[in-house]
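Here the structure comes first, spelled out in structure tokens, and everything after it is commentary.
Nothing in this text is a laboratory measurement; each read-out follows from the coordinates by a stated rule. The model shown is predicted, which means the values in this text are computed figures rather than measured ones. Because the Cβ atoms are built from the backbone with ideal geometry, glycine has one as well, and the counts that use them run over all protein chains shown.
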Amino acid sequence: MSEKNNGGRMTIAGILVSAAVIAFIAGEEAFVGEAYLDPVGVPTIGYGTTSGVQIGDTITREEAEKRLIRDAGAAGAAIVRCVTVPLAQREYDAYVSFIYNVGEGAFCRSTLVKKLNAGDYEGACNELPRWVYAGGKKLRGLEIRREKERRMCLGEEP
């Protein structure tokens, strides 16, 4: 099936993390130079990085950008591990942002991935707004972000 007849979808091995999704994540996460506890108590720094972060840590904007790119790449690798169907760049980008925020394990075990791997692309995109809770509390910021990711995934105007 050609890309044109496939909604612009291609094998995920041929898709890279885009500059657009890096910018999107940076805008959603916002830069914080000193480690803080996120809504569920995880030490976080920079643009939402949690790996190896301890309270008291500081980071420059440049180092935070490097970590953002590294962590977005890891999110892309999770897609390769868990998704078995071709994706369009817009879908891939939406899922990179989502994984960056919720983690690989939650993504790979999700109903979203089950729907996606069954070929229900629209249904998978429409699962994103269900992920708006942190520590059992519905967060307005997550509602807004998930709606943006859903629209990105579906190819709708933001």
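Couple of notes before you dig in:
- The charge dipole of the chain, taken about its Cα centre with unit charges on the Cβ of Lys, Arg, Asp and Glu (plus for the first two, minus for the last two), comes to roughly 440 debye.
- Shown here is the pair-distance distribution of region 63-133: with all Cα-Cα distances grouped in 5 Å bins from zero up to the longest one, the shares run 3, 17, 30, 27, 13, 6, 2, 0 percent.
- Using the alpha-carbon positions of the chain, Rg (one decimal) and Dmax (whole number) come out as 15.5, 52 Å.
- Between helix 140-154 and the chain there is an angle of about 30 degrees, using the helix long axis and the longest principal axis of the Cα atoms.
- Taking label positions 7 Å along the Cα-Cβ direction at both Tyr36 and Lys138, the computed distance is 2.4 nm, reported to one decimal.
- The angle separating the long axis of helix 61-82 from the principal Cα axis of greatest extent in the chain is about 40 degrees.
- Mean sequence separation of contacting Cα pairs (under 8 Å, at least six apart), scaled by the length of the chain, corresponds to a relative contact order of 21 percent.
- Positive dipole terminus of the chain, leading residue within Gly33, Tyr133, Thr49 (C-beta point charges): Tyr133
- Of the residues Gly76, Ala64, Ala118, the one whose Cα sits farthest toward the positive end of the charge dipole of region 54-158, with +1 on the Cβ of Lys and Arg and -1 on the Cβ of Asp and Glu, is Ala118.
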